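The values are calculated or read from the model by the stated rules, or taken from the named source; none is laboratory data. In this text, all values refer to a predicted model and were calculated from it rather than measured experimentally. As a convention, Cβ positions derive from the backbone with ideal geometry for all residues, glycine included, and neighbour counts pool all protein chains shown.
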Amino acid sequence: MVGAGLAGTWVSYWLWQAGIPFLVLETQSPGASTPVASGVINPVTGRRLGTTWMADTLLPFAYQAYSDMGKMLGQELAFQTQIIDCFGAPDKRLVFMQKAAEPSPYLQIPADENDLRPWLQYHMGYGIVSPGYRVHLTAMLGGWQHFLRANDLLIAVDDAQKVAPEGNNLTSLAGISAEKIIYCNGKWAAESGLFQYLPFSLIKGEALLVRLNDNTLPAAIYKKGYTLLPWQDDMWWAGSTYDRNFSDALPTAGFRQAMEQWLRGFLRSTFTIVDHLASIRPGTVERRPFIGWHPRHPQIGLVNGLGTKGVSLAPFFAHQMVASLSGANAIDAEADLARYSRLLSR
Ligand SMILES: Cc1cc2nc3c(=O)[nH]c(=O)nc-3n(C[C@H](O)[C@H](O)[C@H](O)COP(=O)(O)OP(=O)(O)OC[C@H]3O[C@@H](n4cnc5c(N)ncnc54)[C@H](O)[C@@H]3O)c2cc1C
C-alpha cells in the first residue's frame, strides 16, 4: 500500500482485521490533507441543508468504526456532538427553519437561542445540526502509525518521487514486490502516470489553531460562515477555505488576516494564534470518491477522491475496497473506479 493518511489508515485497518498480509509505504509529505483536517462529519450539506450523500449509511458506520479503532488504540477518537449553525443572514435562518419544520432527522431549533451569548457574538440566532461527529484525526494517525511500526508494517520512504513502479513491473515499489498495490496517496495520485486522467478537482484549505483566553466555551462545532471546533491540547481549530485555483500548498497571509478578523467578530474571548495550517484536499469533479481497481492493471488499486468528506467516506469505502479482494461487486457503483474504464484504458 502507498500512503498512510485517512485512506491508507482505513485500508490497512481493514486488511489487518481481515488477516490479509500487507505493508504500508509512507513519505510524510508536506501538503498531506489528513493532518490539517478538522475531522467533522456533518449530516447536512450545502445552502439548502440537504442530507449528505449516503448519510444514513455512512455516518453510523463511521462512528462505529472510529470508536472501535479507538478502543484498539486505547484512546477515544470519535465524539458525537452538536453543530451550532449561527445564521449570518435572514435567508439562512429562513431556510433552516423551513427545513427543520419538514421535519428533518438532523435539524433542531434550540430551546433558547440566547444561551451562547456569554461566549459568542451572533445576531440572527442559531439552529442545531445533530448528531454531528468530530474525529480526533491527529490522534488516529499517530496511534495507527505507531501500531503499524510496532508490527513492522510501516516503511518510511523519504521521497514521494522515489516511490514509482520499477521498470515495467507495476507491483514492485521501493525494492518491495507485492501481489497487488493499493494507492492511498491523496493529491499525489492526480500527478501519477497511472491515475492522472481521472477527473480530480484539488481543493486547497487553510486553518488556524488558536487558544482562547477564556476557555469555557462549551465543546461543540460552531459555524458562522467559517467553522470553529475543539482541537487537541486545549486548542481550537478555525477554518477553512475551498480554493480551486492555487499555486502551492502553503499558508497565506490573506487567510490569516481574514480568519483573525472573523474570530474577533465571533468570539467574546481574546485568543492567541498557535499555528497556521494549509493543505490540499483530493477532491473530484463529481464529488464522488475513486474506489477500486485499475481496469487495465487489475493488480493496482486506488482509494482516493475523498474530497471534503473524507472522514465519513474513508471507513466505509476502504472496507468495500478490502471486501473486493475476495468478492466481485463489493464496491458501490457510484464510487467504483470501473465507471472510468474508458478513460483509464487510454
Ligand atoms: C483545511 C482542511 C479541512 C478539512 N476538514 C475536513 C473535515 O472536517 N471533514 C472531512 O471529512 N474532511 C475534511 N478535510 C478533507 C480530508 O482531509 C481529506 O478528505 C482526507 O484527509 C484525504 O485523505 P487521503 O488519505 O486521501 O490523503 P492524505 O491525507 O493527503 O494522505 C496521502 C498520504 O500519502 C502519502 N504519500 C503520497 N505519495 C506517496 C508516495 N509516493 N509514497 C508513500 N507515501 C506517499 C502522503 O505522505 C500522505 O500521508 C479537510 C481538508 C482540509 C485541507
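Here are a few things to note about the model shown:
- Which numbered condition W293 fails, given (1) touching a helix residue (DSSP H, G or I) at 6+ places or on another chain (Cβ under 7 Å); (2) crowded, with 22+ Cβ neighbours inside 10 Å; (3) among the aromatic types (F, W, Y): (2)
- Count of region 82-122 residues which are touching a Gly at 6+ places or on another chain (Cβ under 9 Å) and more than 15 Å from Y226 (Cα to Cα): 13
- Only residues that are away from the ligand (no atom under 11 Å from the Cβ), within 23 Å of the chain's Cα centre (by Cα) and among the hydrophobic types (A, V, I, L, M, F, W, C) were counted in region 318-328, giving 3.
- Residue in region 22-45 that is farthest from the ligand (Cβ to nearest atom), counting only those that are at positive phi and of a type in the set (G, A, S): G31
- Verdict on T227 being among the β-branched types (V, I, T), in contact with a Gly (Cβ under 9 Å, 6 or more places away or on another chain), assigned to a strand (DSSP E or B) and within 11 Å of the ligand (Cβ to nearest atom): yes
- Check on R93, part of a loop (DSSP other than H, G, I, E, B) and more than 27 Å from Q232 (Cα to Cα): no
- In region 196-216, the residues that are within 16 Å of the ligand (Cβ to nearest atom) and part of a strand (DSSP E or B): F200, I203, K204, G205, E206, A207, L208, L209, V210
Residues checked against (1) of a type in the set (A, V, I, L, M); (2) buried (at least 19 other Cβ atoms within 10 Å of the Cβ):
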position	(1), (2)
L23	yes, no
R47	no, no
P60	no, no
Y63	no, yes
G74	no, no
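- One residue alone among T27, T52, T34 is surrounded by fewer than 19 Cβ atoms within 10 Å (Cβ to Cβ) and either more than 14 Å from the chain's Cα centre (by Cα) or among the hydroxyl-bearing types (S, T, Y) (or both), and that residue is T52.
- R342 vs. criteria closer than 30 Å to A207 by Cβ and away from the ligand (no atom under 16 Å from the Cβ): no
- When restricted to residues that are within 11 Å of the ligand (Cβ to nearest atom) and outside any helix (DSSP H, G or I), region 46-69 contains 1.
- Selection within region 279-303 - more than 12 Å from S201 (Cβ to Cβ), within 12 Å of the ligand (Cβ to nearest atom) and either in contact with a strand residue (DSSP E or B) (Cβ under 6 Å, 6 or more places away or on another chain) or among the hydrophobic types (A, V, I, L, M, F, W, C) (or both): I291, L302, V303
- Residues of region 25-45 that turn out to be part of a loop (DSSP other than H, G, I, E, B), out of contact with any Pro (no Cβ under 7 Å at 6 or more places or on another chain) and under 25 Å from I155 (Cα atoms), as a count: 7
- Against the test of being free of Cβ contacts under 8 Å to residues at least 40 places away in the same chain and either surrounded by fewer than 21 Cβ atoms within 10 Å (Cβ to Cβ) or assigned to a helix (DSSP H, G or I) (or both), the options A238, A258, A219 yield a single qualifying residue, A258.
- When every residue of region 139-160 is checked against the conditions, none turns out to be surrounded by 14 or more Cβ atoms within 10 Å (Cβ to Cβ) and more than 25 Å from P35 (Cβ to Cβ).
- G19 being farther than 27 Å from W188 by Cα, modelled with pLDDT under 95 and more than 16 Å from the ligand (Cβ to nearest atom): no
Table: residues versus (1) buried (at least 24 other Cβ atoms within 10 Å of the Cβ); (2) within 13 Å of the ligand (Cβ to nearest atom); (3) at positive phi.
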position: V274; (1), (2), (3): no, no, no
position: G307; (1), (2), (3): no, yes, yes
position: F316; (1), (2), (3): no, yes, no
position: A330; (1), (2), (3): no, no, no
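- Odd one out for S12, checked against (1) part of a loop (DSSP other than H, G, I, E, B); (2) more than 7 Å from the ligand (Cβ to nearest atom); (3) farther than 19 Å from A190 by Cβ: (1)
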